[in-house]
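Note sheet for the following structure.
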Amino acid sequence: SDAIGGVVDIGASDAYLSPTQVQQTPGIKNIALAISAQMVNYNIPFLKAGTHIKLSGMVLSQIYQGKITNWNDSAILNLNPGVVIPSTPIVVLHRSDGSGDTFLFTSYLSDADPNGWGNSIGYGTSVAFPSLSNALAANGNGGMLTTCQKTPGCIAYIGVSYESQAQAAGLGEAMLQNAAGNFESPTSASIQAEAAALEKKTPPDETLSMIYDSASNGYPIINYEYAIIPPKESDAATAQAVRALLYWAVDPKGGNADQYLAPVNFQPLPASIAALSDAQIAQITG
């Protein structure tokens, strides 16, 4: 919103610009910088250490609608044959602030459960989450992590940049079902597989949902990390500085190098997507 209003030179978001935002602010740009993903984490006491529970978008939709309220519900057990899951009550955690993470998570629920979540709640940076007695809200990824850590039975959606912190906090990490019906963890390989399937579908303005796509071995909640650029920078010198920074950011020898991406578990842009970003960067003026 600050970029749209011209308050900042560069904004940042996990969420691509909506058609309404583009129409209301002609010339605004969302420029892909890297590829990220989103985890679904949980705090289930007495679950065997190292267990990665399998969850589907449909089951997550029912959890967040209050239709599944215990971890040993048959819908969860059916996805996890042979796994001993305690009857712990589920505590549903969502973001209290407007966030790209909520946009990504609710997009997954909408795509996986179009007749349920998609029709009744939908997706966005903020949505009207069902009012549940077993629900909590937290601010930011850090708040989601610490609240889940101290709340037995918790389930939460957290950006993959917090993976090491989530592991250190003892939170479990779900394997999510993709559109092909397979269950994947957010690894470098599964994130890159999903991104590769979307490479040719990415339009010149790089506005694209990367959720729940077709790769058989792809992780279903991934996204471009975007720089949001106002229609015009304050002056030519500022525009030149912004262009230089962003050219560096998408360069595989610059900001897309492993030394910068690995600490936050981001993946580099495919060469063709970096070229689309370069083309948009070249259009930045002051």
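Taking the longest Cα principal axis of the chain as reference, the axis of helix 100-112 is set at about 60 degrees. Charge dipole of the chain (Cα centre as origin; +1 on each Lys and Arg Cβ, -1 on each Asp and Glu Cβ, all else neutral): 520 debye, rounded to the nearest 20. Each label point was placed 7 Å from the Cα along the Cα-to-Cβ direction; for TYR260 and LYS232 their separation is 2.9 nm.
Remark: spin-label model distance GLN23-TRP248 equals 3.9 nm, labels positioned 7 Å along the Cα→Cβ axis. Other residues whose C-beta falls under 14 angstrom from the C-beta of SER61 contribute a net charge of -2, scoring Lys and Arg +1 and Asp and Glu -1.
I'd like the orientation of helix 140-149 relative to the chain: the angle between its Cα long axis and the longest Cα principal axis, in ° from 0 to 90, rounded to 10. Rounded to the nearest ten degrees, it is 20. Which residue, GLY170, PRO204, SER216, has the largest displacement toward the positive end of the dipole of the range 167-226 when charges sit on each Cβ (Lys, Arg +1; Asp, Glu -1)? Result: SER216, furthest along the dipole toward the positive end. FRET efficiency for the ASP97 to SER131 pair, using the beta carbon distance and R₀ = 25 Å, is estimated at 0.90.
State the percentage of accessible surface on the chain attributable to carbon and sulfur atoms; use a 1.4 Å probe and exclude ligands, DNA and RNA.
Values: 6390 of 12250 Å².
Using a 1.4 Å probe with all protein chains present, the chain comes out at 52 percent carbon and sulfur.
Each part reduced to its alpha carbon centroid, the range 211-244 and the range 163-189 end up 24 Å apart. In a fully extended conformation the segment linking ASN72 and ALA196 would gain 41.1 nm over its present Cα-Cα distance, using 0.36 nm per residue. Full extension of the chain between ASN115 and SER272 gives 53.0 nm of extra length, using 0.36 nm per residue less the Cα-Cα distance.
About its Cα centre, the range 143-286 has a charge dipole of approximately 140 debye under the convention of +1 per Lys or Arg Cβ and -1 per Asp or Glu Cβ, with nothing else charged. Separation of the range 18-34 and the range 85-135, taken as the distance between their Cα centroids, equals 25 angstrom.
Across the chain, how many lysine pairs, 8 or more positions apart or on different chains, have C-alpha atoms separated by under 22 Å? Please give the number. Mind dumping the intermediate values first?
Numbers: LYS29/LYS200; LYS29/LYS201; LYS29/LYS232; LYS48/LYS150; LYS54/LYS67.
Lysine pairs, 8 or more places apart or on different chains, close enough: 5.
The values are calculated or read from the model by the stated rules, or taken from the named source; none is laboratory data. For clarity, every value in this text was computed on a predicted model and none was experimentally measured. Reconstructed Cβ throughout: ideal geometry from the backbone, glycine too, with neighbour counts over all protein chains shown. Ligands, DNA and RNA are excluded from the accessible area calculation, which covers all protein heavy atoms including side chains. Shrake-Rupley method; radii C 1.70, N 1.55, O 1.52, S 1.80 Å.
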